[in-house]
Amino acid sequence: MSILNILTYPDPFLKEPVKPVENIDDDLLRIIDDMAETMYQAPGVGLAAIQAGIDKSVIVYDPEEQGFRALINPEIIEAEGRTISENEGCLSVPDFRSDVQRFERIVVKGLDRDGKNLKFEATGVLSVILQHEIDHLNGILFIDRISALKRQMYKRKRKKELKNDS
């Protein structure tokens with residue numbers, strides 16, 4: 001296993017929707033294991049393949065540090081209620097956290113790493129993590145879900161940091 005490079009804002013690849021996985025093979029399983037190792041090392045509670053520059057519909061997550069799960073071609077098929085995800089952050093959006101409005105309850109379908117169909121309900125922290133990571137697969141960053149003013153402030157700050165680093 002190896003640690004993958006995590007892309008950060010404003011990398012344009014992060015804004016692209018990913019392609020669905022057509023075949024679960026050894027290469028994909030290796031990518032999933034590398035994504036999990038990268039997520040833990042970062043440290044984070046979720047990681048979408050696109051964040052590692054991989055154009056595949058795959059996420060890994062572990063909200064309670066009890067062993068990661070992978071979801072292939074995940075899709076939210078039901079959503080209801082509203083909640084505020086307080087102090088949400090992202091490995092691809094360094095040094096920024098914000099409150100984000102999310103669904104309180106979702107139903108997700110996808111495949112596990114063995115290709116078995118999954119369909120389950122998520123609430124609480126798991127619901128937020130899944131919404132956040134599935135957003136990534138659709139080219140949406142959590143800063144796209146906050147106020148325009150906060151988003152602009154972050155973008156200006158980030159551009160200034162990048163300019164100073166070069």
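The values are calculated or read from the model by the stated rules, or taken from the named source; none is laboratory data. Please read all numbers here as calculations on a predicted model, not as lab measurements. Please note: Cβ atoms are built from the backbone with ideal geometry, for glycine as well, and neighbour counts cover all protein chains shown.
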Checked region 132-145 for anything out of contact with any Pro (no Cβ under 9 Å at 6 or more places or on another chain), in a helix (DSSP H, G or I) and either hydroxyl-bearing (Ser, Thr, Tyr) or touching a residue at least 60 places away in the same chain (Cβ under 8 Å) (or both); matches are HIS132, HIS136, ILE143
Looking for whichever is part of a helix (DSSP H, G or I) and farther than 24 Å from TYR154 by Cβ here; the options are ILE31, ILE24. Which one fits?
ILE31
Going by what's in this entry, would ARG151 be described as outside any loop (DSSP other than H, G, I, E, B), out of contact with any strand residue (DSSP E or B) (no Cβ under 7 Å at 6 or more places or on another chain), under 20 Å from ALA52 (Cβ atoms) and basic (Lys, Arg)?
no
Please verify whether ILE24 is under 22 Å from LEU141 (Cα atoms) and modelled with pLDDT of 95 or more, treating the condition exactly as stated.
no
Taking region 46-71 and the residues there that are free of Cβ contacts under 8 Å to residues at least 60 places away in the same chain and small (Gly, Ala, Ser), the one that is surrounded by the most Cβ atoms within 10 Å (Cβ to Cβ) would be ALA70
So which residues in region 109-166 are over 14 Å from TYR9 (Cβ atoms), under 16 Å from the mean Cα position of the chain (by Cα) and of a type in the set (Asp, Glu)?
GLU133
Give me a count of the residues in region 72-110 that are within 30 Å of GLU161 (Cα to Cα) and exposed (fewer than 15 other Cβ atoms within 10 Å of the Cβ).
8
Considering only region 111-130, state which residues are closer than 21 Å to ILE54 by Cβ, exposed (fewer than 12 other Cβ atoms within 10 Å of the Cβ) and of a type in the set (Asp, Glu).
ASP114
I'd like to check something: does region 131-139 contain any residue that is surrounded by fewer than 12 Cβ atoms within 10 Å (Cβ to Cβ), under 25 Å from ASP55 (Cα atoms) and either in contact with a strand residue (DSSP E or B) (Cβ under 8 Å, 6 or more places away or on another chain) or modelled with pLDDT of 95 or more (or both)?
no
